[in-house]
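Q: Submitted below is the structure of interest, expressed as structure tokens.
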Amino acid sequence: MLPLADSYGRVATDLRVSLTDRCNLRCNYCMPAEGLDWLPGEDVLTDDEVVRLVGIAVQKLGVTEVRFTGGEPLVRRGLVDIVRRTAELRPRPELSLTTNALGLERTAAALAAAGLDRVNVSLDSIRAETFAAITRRDRLSDVLAGLEAARDAGLGPVKVNAVLLRGHNDDQAAELLRWALAEGFQLRFIEQMPLDAQHGWRRDTMVTAEETLALLEREFSLEPAEEPRGSAPAELFSVDGGPATVGIIASVTRPFCGDCDRVRLTADGQVRNCLFAREESDLRGALRAGATDAEIADRWVTAMAGKRAGHGIDDVSFLQPTRPMSAIGG
Ligand code: SAM
Ligand code: SF4
């Protein structure tokens, strides 16, 4: 086994695989209303290529967790089959999905049967008007149905990820938490990051973790939860004495780069050692040129070795990566 180690002593064991850059929502902090220039079909890894690369990661590089994301992974036709084939790998990786939940109502049971362990659903508001204003689609009821189906299919604990946006839903933090507690979902707030295609992010207007906590503390009593955080990005707080918790992922104001254990594979087969990396390493080209598994593994190890110490969002010299979040895989 070759570990995916970098020069700062970190070892990546958590692989995020983007299965498509396409999406059926248009969240305003992620994509412009008209969408993006999607990757040409022939550039996107085939199902067989995805399964082969995940297999190399799991069997040769020590990856133990695989999360499928996008774009919207549920729009990828081969998703259930990819899950089934990756669940057959030994050692078996933990398999999860990050999704907007549109269509999950129909596929949750099949995904669970194929071997998916958990889902994270992105939902920024439980008010239909706010949801439609942020995502530019009137689909809240589909998301709620998808969440319920995920819970019924045993894809839990179901986590719900919310981004607070000034002027849209920053008045709804406590409402979201109240709802998540009642439904038994684990809510986590994610700080908005400079990863939108429109370059609309501004440090001075983003809703910070500190502000989110203050908004929640108007209604709830929060205490740092005792469990060790490890490489998990969320800081957990127990709510009203526990056992329920709420998570805060403060990627901008309290970066956790020192404990990062992630590596990313884009839908077109490029390895990125960081969400904010400015370089990628082309595995698809190697794969299609006939490289062996060992050669691909070597290339992957080299790509990880060059991982930087941190993303530096708060530095004046910070440069946003050229690909937006939806193309990298969030
Ligand atoms: N479409 C799926 C979804 O929304 O869950 C998966 C891909 S999406 C890019 C993954 C996560 O990234 C979502 O939770 C979304 O809210 C988050 N995200 C997208 N753009 C972001 C940004 N600029 N800052 C912080 N989070 C962002
Ligand atoms: Fe689509 Fe997810 Fe981006 Fe929203 S955050 S536009 S659901 S990829």
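Q: Leaving out ligands, DNA and RNA, what percent of the accessible area of segment 4-328 is carbon and sulfur, probe 1.4 Å?
A: Within segment 4-328, the accessible surface is 48 percent carbon and sulfur.
Q: Same structure, new question: For segment 138-297, what does the alpha-carbon gyration tensor say about shape, rounded, prolate or oblate, given a ≥ b ≥ c as the root eigenvalues, a/c under 1.5 as rounded, and a/b over b/c as prolate?
A: Judged from the Cα gyration tensor, segment 138-297 comes out prolate (a/c at least 1.5, a/b above b/c).
Q: At a Förster radius of 35 Å, what calculated FRET efficiency corresponds to the Cβ-Cβ distance of ALA294 and ASN24, to the nearest 0.05? Intermediate values should be presented prior to the final figure.
A: On the way: r = 39 Å, r/R0 = 1.11.
It comes out at approximately 0.35.
Q: Further, regarding this structure: Place +1 on the Cβ of every Lys and Arg and -1 on the Cβ of every Asp and Glu in segment 4-328, take the dipole about the Cα centre, and give the residue among LEU222, LEU140, VAL44 whose Cα lies farthest towards its positive end.
A: Projecting each Cα onto the dipole axis, the largest value belongs to VAL44.
Q: Can you tell me how much longer the chain between THR64 and THR302 gets when fully stretched, taken as 0.36 nm per residue apart minus their C-alpha distance, in nm with one decimal?
A: Details: separation 238, 0.36 × 238 = 85.68 nm, distance 1.92 nm.
Length difference between fully extended and current span is 83.8 nm.
Q: What whole-number value in Å² describes the accessible area per residue of segment 4-328 for a 1.4 Å probe?
A: Values: 13690 Å² over 325 residues.
It amounts to 42 Å² per residue over segment 4-328.
Q: With +1 on each Lys and Arg Cβ and -1 on each Asp and Glu Cβ, and nothing else charged, work out how big the dipole of segment 4-328 is about its Cα centre, in Debye to the nearest 20.
A: 640
Q: Note down the nm distance, to one decimal, between modelled labels 7 Å out along Cα→Cβ at ASP282 and at ALA132.
A: In this crude label model, ASP282 to ALA132 measures out at 4.5 nm.
Q: Right, something else. Build a GNM of the chain with springs between Cα atoms under 10 Å: which of PRO255, PRO91, PRO233 gets the top mean-square fluctuation?
A: Greatest mean-square fluctuation among the candidates belongs to PRO91.
Q: Of PHE256, PHE220, PHE318, which has the largest mean-square fluctuation in a 10 Å C-alpha GNM of the chain?
A: The residue that fluctuates most here is PHE318.
Q: Which residue, chosen from GLN198, SER281, GLY71, occupies the Cα position most advanced towards the positive end of the dipole of the chain, where the dipole is computed from +1 (Lys, Arg) and -1 (Asp, Glu) charges on Cβ about the Cα centre?
A: SER281
Q: So which GluC sites (Glu not before Pro) in segment 150-258 end up in coil per DSSP with only 10 or fewer other C-beta atoms within 10 Å?
A: GLU226
Q: Pick from ARG272, ARG22, ARG308 the residue whose mean-square fluctuation is largest in a GNM of the chain, springs joining Cα atoms under 10 Å.
A: It is ARG308.
Q: Could you give the nm distance between label points at ASP259 and ASP314, where each point is 7 Å from its Cα heading toward the beta carbon?
A: Label at ASP259, label at ASP314, 1.6 nm between them.
Q: Go through ARG323, ARG10 and list them by solvent-accessible area, largest first, probe radius 1.4 Å.
A: So the residues, ranked largest to smallest area, are ARG323, ARG10.
Q: Just to be sure I understand the model, the point goes 7 Å from the Cα along the line to the Cβ. What's the resulting ALA232 to ARG90 distance in nm?
A: It works out to 3.1 nm between the two label points.
The values are calculated or read from the model by the stated rules, or taken from the named source; none is laboratory data. Given the structure is predicted, the values throughout are model-derived calculations rather than measurements. So basically every Cβ, Gly included, is an ideal-geometry build from the backbone, and we count neighbours across all protein chains shown. For the accessible areas, the whole protein counts, side chains as well, though only heavy atoms, and no ligand, DNA or RNA atoms are used. Shrake-Rupley method; radii C 1.70, N 1.55, O 1.52, S 1.80 Å.
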